1. Is the C-alpha gyration tensor of the stretch 1-73 telling us rounded, prolate or oblate? Criteria: a/c under 1.5 is rounded; beyond that, a/b larger than b/c is prolate, otherwise oblate.
2. Given labels modelled 7 Å from the Cα in the Cβ direction, how far is it in nm from Thr89 to Arg144?
3. What part of the accessible area of the stretch 49-138, given as a whole %, is carbon or sulfur when the probe is 1.4 angstrom?
4. Listed highest first by mean packing, meaning other Cβ atoms within 10 Å per residue, what order do 128-140, 99-111 come in?
5. When only C-alpha pairs under 8 Å and at least 6 residues apart count, what is the relative contact order of the stretch 1-147, in percent?
6. How many lysine pairs in the chain, separated by 8 or more positions in sequence or lying on different chains, have Cα atoms less than 17 Å apart?
7. I'd like to check one number: the per residue accessible area of the chain, probe 1.4 Å, reported in Å² as a whole number.
8. 7 Å from Cα along Cα→Cβ at both Lys2 and Asn70: what's the point-to-point distance in nm?
Amino acid sequence: MKNFTVIPTLTAMGSQFASLAAINLMLGIAMAESQLRYKRQLTNSGYGPARGLPQMEPATHDDCWANWLNFSQQVQVAHVIRGFIGNLTPEADLMINNDAYAFAMARIKCWRDRGPLPAWNDPVGMSAFHKRVYNTAGGKADERANILHFKAAIAA
């Protein structure tokens, strides 16, 4: 996943999106969110709203487009991300079967945070970033338990 999806996806988006820290963070997020197995969120009563290996919710996906990617300053990266989905209109359901699109959208979500990324080899910092930026304080992610996922992402 790291070598054949995450790295090529982030590299295509531009060098500013493809640092080693960003690559490890994206893989770690997907490992923490879906164990790299679930492309739809599973709940006790069926499916939840999150989509793709990084488990992004449709409202977050739509916000990334409405409030960042659709602005003229982002035309270049938006063009690259649209290339991952061909002529289709950007929508959250595309993240279910398109890993490049799902990782690109996860990277945009994290890119929009004003703070720096943790160091490329800092699983504790990455887990904290994931909880604060990607999952949010009210989310179900366990910052301490997820450190193992970020360690694995770094080692991959």
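The values are calculated or read from the model by the stated rules, or taken from the named source; none is laboratory data. If you're wondering where the values come from, they're calculated on a predicted model, not measured in any experiment. Neighbour counts are summed over all protein chains in view; Cβ atoms, including those assigned to glycine, are modelled from backbone coordinates with ideal geometry. Protein only, heavy atoms only, side chains kept; ligands, DNA and RNA dropped before computing areas. Shrake-Rupley method; radii C 1.70, N 1.55, O 1.52, S 1.80 Å.
1. oblate
2. 4.6 nm
3. 51 percent
4. Output ranking for 128-140, 99-111: 99-111, 128-140.
5. With pairs under 8 Å counted, the relative contact order is 25 percent.
6. Summing the qualifying lysine pairs gives 5.
7. I get 52 Å² per residue for the chain.
8. It is 3.7 nm.
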